[in-house]
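S.K.: Once you've had a glance at the structure underneath, I'll fire off some questions.
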Amino acid sequence: QQQVKQSPQSLIVQKGGISIINCAYENTAFDYFPWYQQFPGKGPALLIAIRPDVSEKKEGRFTISFNKSAKQFSLHIMDSQPGDSATYFCAASRADKIIFGKGTRLHILP
Amino acid sequence: DAGVIQSPRHEVTEMGQEVTLRCKPISGHDYLFWYRQTMMRGLELLIYFNNNVPIDDSGMPEDRFSAKMPNASFSTLKIQPSEPRDSAVYFCASSFTGRGMNTEAFFGQGTRLTVV
C-alpha cells in the first residue's frame, strides 16, 4: 500500500503545552489530508483536514501545517488539555481510498 | 441518520470457525471502506467499494477474507476459516465524494473480534 508515515508513536505532554505530531507521504496524487481523533472504544472521527493548495489551516486550538515540497504535514495542538488524550491518525487521500498512518497515542498530564 | 452501524460489537469465536461482520453505511454515501486496527499495524485498509462495486481489495490479507456489498445499505466482511492472528478491531467507514473530491469518512463503532 502507499504509505503514510507518522511519528511519534506515543507522546506525553503537560497540560497547557503544545502537542506536535508529524506525518510524511509518498504519493503526490493525494489531494486531501485529514487528521482523525480516536477515543478508546470508539471509531476514529474527523478532527481537521487540509487540501494541498494551502500551507496552514487552523480550527480553534488545532492547526495543520502542510509542506507540499517536502511531502510532510503536521498537527499542532495548542494549550493541550487532558480531554485531548486520545489516539491521533493522519491520513492521505485522493478521490477514492484513504490511507492512514499508524497513529500516535497522546497523553496530556493534568 | 444514525451514522455507520456495525454488528456485532464484540465477537469471540474458535479458530476455524466462520465469522461474518456486518455494516450499514450512512444513507447517500457512495464509498464504503473496511479497515482492520491492531496495535502493531495501526489502521489497515482491507477493501473499499464505490457504488457497491469493489474497487481495491489489495489490502485483504488472504483468501480467507472476503467482502460483499449486495446493495447500497449493507456490506459484509467474512473470514473463513478464522485464525487467532485475525483478532483485531474491524471498522467500517463510509463517505460521500462530492465533485470528485473525497471528504470526511464516517466510522462505525467497530467490531472487536477475538479468535481463540
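The values are calculated or read from the model by the stated rules, or taken from the named source; none is laboratory data. Source: prediction; values computed, not measured. Positions of Cβ are backbone-derived with ideal geometry, glycine not excepted, and every protein chain shown enters the neighbour counts. Just the protein is used for accessible areas: all its heavy atoms, side chains included, with ligands, DNA and RNA removed. Shrake-Rupley method; radii C 1.70, N 1.55, O 1.52, S 1.80 Å.
S.K.: Which of the strands (runs of 3 or more DSSP E) found entirely inside the stretch A:3-108 contain at least 3 residues meeting this: within 14 Å of chain B (Cβ to nearest Cβ)? Before the answer, list the steps.
M.R.: On the way: elements: A:4-7, A:10-14, A:19-25, A:33-38, A:45-50, A:56-59, A:62-67, A:72-77, A:86-93, A:98-100.
Output list reads A:4-7, A:33-38, A:45-50, A:86-93, A:98-100.
S.K.: Something else now. Scan (1) under 22 Å from residue B:45 (Cβ atoms); (2) open to solvent by 70 Å² or more (accessible area, probe 1.4 Å) for the single condition residue A:88 breaks and write down its number.
M.R.: (2)
S.K.: Moving on. Pairs please, first residue from the stretch A:94-106 and free of Cβ contacts under 8 Å to residues at least 12 places away in the same chain and open to solvent by 10 Å² or more (accessible area, probe 1.4 Å), second anywhere and outside any loop (DSSP other than H, G, I, E, B) and not hydroxyl-bearing (Ser, Thr, Tyr), Cβ atoms under 7 Å, 6+ apart in sequence or on different chains.
M.R.: A:96/B:50; A:96/B:55; A:97/B:45; A:97/B:56
S.K.: Has the stretch A:48-66 got at least one residue that is open to solvent by 40 Å² or more (accessible area, probe 1.4 Å), within 15 Å of the chain's Cα centre (by Cα) and among the aromatic types (Phe, Trp, Tyr)?
M.R.: No; the residues of the stretch A:48-66 include none that is open to solvent by 40 Å² or more (accessible area, probe 1.4 Å), within 15 Å of the chain's Cα centre (by Cα) and among the aromatic types (Phe, Trp, Tyr).
S.K.: Sort out which residues of the stretch B:41-81 are hydrophobic (A, V, I, L, M, F, W, C) and within 11 Å of chain A (Cβ to nearest Cβ), and write them in order of number.
M.R.: Initial filter on the stretch B:41-81 (hydrophobic (A, V, I, L, M, F, W, C)): B:43, B:45-47, B:49, B:53, B:55, B:60, B:65, B:67, B:69, B:72, B:74, B:77, B:79.
B:43, B:45, B:46, B:47, B:49, B:55, listed by residue number.
S.K.: Residues that are open to solvent by less than 50 Å² (accessible area, probe 1.4 Å), modelled with pLDDT of 95 or more and closer than 25 Å to residue B:111 by Cα: does the stretch A:15-33 have at least one?
M.R.: No, the stretch A:15-33 contains no residue that is open to solvent by less than 50 Å² (accessible area, probe 1.4 Å), modelled with pLDDT of 95 or more and closer than 25 Å to residue B:111 by Cα.
S.K.: Take residue B:96 and decide whether it is within 14 Å of another protein chain (Cβ to nearest Cβ), in contact with a Pro (Cβ under 6 Å, 6 or more places away or on another chain) and open to solvent by 10 Å² or more (accessible area, probe 1.4 Å).
M.R.: So residue B:96 does not fit the description; no.
S.K.: Within the stretch A:67-84, work out how many residues are under 15 Å from the mean Cα position of the chain (by Cα), closer than 14 Å to residue A:12 by Cα and among the charged types (D, E, K, R).
M.R.: 1
S.K.: Would you check which residues across the stretch B:54-86 are more than 22 Å from residue B:30 (Cβ to Cβ) and either within 14 Å of the chain's Cα centre (by Cα) or open to solvent by 70 Å² or more (accessible area, probe 1.4 Å) (or both) and list them?
M.R.: Here is the first cut: in the stretch B:54-86, the residues more than 22 Å from residue B:30 (Cβ to Cβ) are B:61-65, B:78-86.
Result: B:61, B:63, B:65, B:78, B:79, B:80, B:85, B:86.
S.K.: Answer yes or no: is there a residue in the stretch B:56-63 that is closer than 26 Å to residue A:6 by Cα and touching a Phe, Trp or Tyr at 6+ places or on another chain (Cβ under 8 Å).
M.R.: For the stretch B:56-63, residues closer than 26 Å to residue A:6 by Cα and touching a Phe, Trp or Tyr at 6+ places or on another chain (Cβ under 8 Å): present.
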